[in-house]
Amino acid sequence: MNHSRLWRALTLLTFFMTASAAFAAPPQKVQWSSEIDSISPTEGVLKFTAVIEPTYHIYGMTHEADPSQPIQPTEFTFDAVDGLEFVGQPVSSVTVKR
């Protein structure tokens, strides 16, 4: 896959992930943004950032789901994209700003 096609695929994927993540919380409570950090001509790292209202919260990706509660951990699901391979699992790096 050439460099231009990779970035088009990553940009499209980022758009759809940001759009779908926006539906995971009530409007205006969580604002999602994303960026792609290039680490080589054929590799990149997707970064998603959530800015959360002070009176609201989301659960971390490692929060254990409890079947008796409606609480679910934050989860990222990626659909397959032709010519694009996802390597590794999402990693959380939390910076709490109050």
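The values are calculated or read from the model by the stated rules, or taken from the named source; none is laboratory data. All values reported here derive from a predicted model rather than from experimental measurement. In this analysis, Cβ positions are derived from the backbone assuming ideal geometry, glycine residues included, and neighbour counts consider all displayed protein chains.
If you take the residues in segment 44-65 that are loosely packed, with under 13 Cβ neighbours inside 10 Å and touching a residue at least 24 places away in the same chain (Cβ under 8 Å), which one is nearest to Thr11 (Cα to Cα)? Looking at residues that are loosely packed, with under 13 Cβ neighbours inside 10 Å and touching a residue at least 24 places away in the same chain (Cβ under 8 Å), I get Gly60. Residues in segment 66-91 that are over 21 Å from Arg8 (Cβ atoms) and among the charged types (D, E, K, R): Asp66, Glu75. Checking each residue of segment 61-68 against the condition of being on the phi < 0 side of the Ramachandran plot and modelled with pLDDT under 70 gives no match. Can you spot a residue in segment 37-57 that is in contact with a Gly (Cβ under 7 Å, 6 or more places away or on another chain), at pLDDT 85 or above, of a type outside the set (Asp, Glu) and in a strand (DSSP E or B)? Yes, some residue in segment 37-57 is in contact with a Gly (Cβ under 7 Å, 6 or more places away or on another chain), at pLDDT 85 or above, of a type outside the set (Asp, Glu) and in a strand (DSSP E or B).
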